[in-house]
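Worksheet: the structure to be examined is printed underneath.
The values are calculated or read from the model by the stated rules, or taken from the named source; none is laboratory data. Since this is a predicted model, take the numbers as computed values, not measurements. Note that each Cβ is placed from the backbone with ideal geometry, even for glycine, and that neighbours are counted across all protein chains shown. Remember, those area values only see protein heavy atoms, side chains included, never the ligands or the DNA or RNA. Shrake-Rupley method; radii C 1.70, N 1.55, O 1.52, S 1.80 Å.
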Amino acid sequence: MSYNGRYISVVIAASGMGKRMNADINKQYILLKGKPILAYTIEKFEKNEYIDEIIIVAREEEKQYCLEEVVKKYNFSKVINIVSGGDERQDSVYEGLKAVNKSCSIVLIHDGVRPFIRDVDILNSIDAAIKYGSSVIGTRVKDTIKIVDRNNHIVDTPDRRILWAVQTPQTFSYELILKAYKHAKDEGFIGTDDSMLVERLGHKVKIIEGSYANIKITTPEDLKLAELLL
Ligand SMILES: Nc1ccn([C@@H]2O[C@H](COP(=O)(O)OP(=O)(O)OP(=O)(O)O)[C@@H](O)[C@H]2O)c(=O)n1
Ligand SMILES: C[C@](O)(CO)[C@H](O)COP(=O)(O)O
């Protein structure tokens with residue numbers, strides 16, 4: 001364990017309510033081939049030799065379920081803490097970041113509902129975060145993207161060669177991401193990913209090309225795709 005003497009932590013955000021999934025249970029606990037989505041996700045980091053610890057962020061009322069039905073059931077020994085999340089993903093991740101080990105040097109932030117992350121992407125994101133201070137896994141946009149106005153009239157067609165769709169993990173020097181989260185909190189800024197908070201500090205974030213299979217399970221169609229990918 002550990003990467004060239006650096007202590008590597010992972011914060012897995014699993015405190016959402018899955019409104020777009022519209023299922024009976026929160027989507028991170030939906031079973032795929034009998035196993036919760038969240039368990040597939042944790043397993044990727046549990047088995048990665050460079051990861052030292054995993055912090056799960058769960059809804060307060062689901063913490064016990066998460067402990068019994070995911071962490072204990074699948075013997076995840078690297079999960080050292082399950083902390084309560086907040087209203088927004090950003091609030092949840094912040095709680096996770098505050099709970100990492102004091103020795104943490106690099107932290108990966110990952111969505112609990114992205115179970116198809118590959119080992120190579122985890123490794124590349126750690127390498128890039130060590131080199132540049134921050135990294136984000138993403139893919140080149142395949143479609144042509146349009147910018148539209150309030151009436152859904154197209155106002156611009158940006159050059160596709162400079163467009164990327166970003167995923168997680170988003171990986172940072174611990175000191176930098178904590179500073180970015182504190183800054184965003186002080187300013188009342190809510191971003192849609194972690195990188196935005198670091199970008200706001202004026203820091204350049206490195207994009208690493210990942211895989212289109214690293215989907216975020218969001219809507220019912222994604223469950224069908226996930227079953228195929230398994
Ligand atoms: N307050 C929140 C909201 C989201 N998440 C987590 O962030 C990840 C990505 O968010 P998303 O796919 O948007 O999940 P939900 O918020 O659950 O979905 P929805 O927006 O459809 O309600 C998920 O693993 C989710 O559990 C979180 O930890 N805390
Ligand atoms: C962080 C993220 O995974 C990047 O794609 C995503 O922004 C989180 O969830 P969202 O609520 O669907 O934006």
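Please tell me if Gly96 is within 13 Å of ligand 1 (Cβ to nearest atom), under 27 Å from Met17 (Cβ atoms) and small (Gly, Ala, Ser).
So Gly96 fits the description; yes.
Tell me, which residue of the range 25-39 that is in contact with a Leu (Cβ under 7 Å, 6 or more places away or on another chain) and assigned to a helix (DSSP H, G or I) is surrounded by the most Cβ atoms within 10 Å (Cβ to Cβ)?
Only one residue tops the list, namely Gln28.
So which of Val166, Val113, Val136, Val120 ends up being part of a helix (DSSP H, G or I) and under 30 Å from Leu230 (Cβ atoms)?
Val120
Can you name the residue in the range 139-153 that is part of a loop (DSSP other than H, G, I, E, B) and aliphatic (A, V, I, L, M) and, of all such residues, is surrounded by the fewest Cβ atoms within 10 Å (Cβ to Cβ)?
Within the range 139-153, the match that is surrounded by the fewest Cβ atoms within 10 Å (Cβ to Cβ) is Ile145.
Could you figure out which of (1) on the phi > 0 side of the Ramachandran plot; (2) out of contact with any His (no Cβ under 7 Å at 6 or more places or on another chain); (3) surrounded by 15 or more Cβ atoms within 10 Å (Cβ to Cβ) isn't true of Gly133?
Failed condition: (2).
Buried (at least 20 other Cβ atoms within 10 Å of the Cβ) and more than 12 Å from ligand 1 (Cβ to nearest atom) - does that describe any residue in the range 10-21?
Yes; the residues of the range 10-21 include at least one that is buried (at least 20 other Cβ atoms within 10 Å of the Cβ) and more than 12 Å from ligand 1 (Cβ to nearest atom).
Among the residues of the range 181-220, write down those that are more than 13 Å from ligand 1 (Cβ to nearest atom), surrounded by fewer than 15 Cβ atoms within 10 Å (Cβ to Cβ) and not in a loop (DSSP other than H, G, I, E, B).
Lys182, His183, Lys185, Asp186, Glu187, Glu209
Checking the condition open to solvent by less than 30 Å² (accessible area, probe 1.4 Å) and within 16 Å of ligand 2 (Cβ to nearest atom), which residue from Val93, Val79 passes?
Exactly one residue qualifies, and that residue is Val93.
Of all residues in the range 99-115 being in contact (Cβ under 8 Å) with a residue 40 or more places away in the chain and open to solvent by 30 Å² or more (accessible area, probe 1.4 Å), which is nearest to Lys179 (Cα to Cα)?
Going through the qualifying residues, I end up with Ser105.
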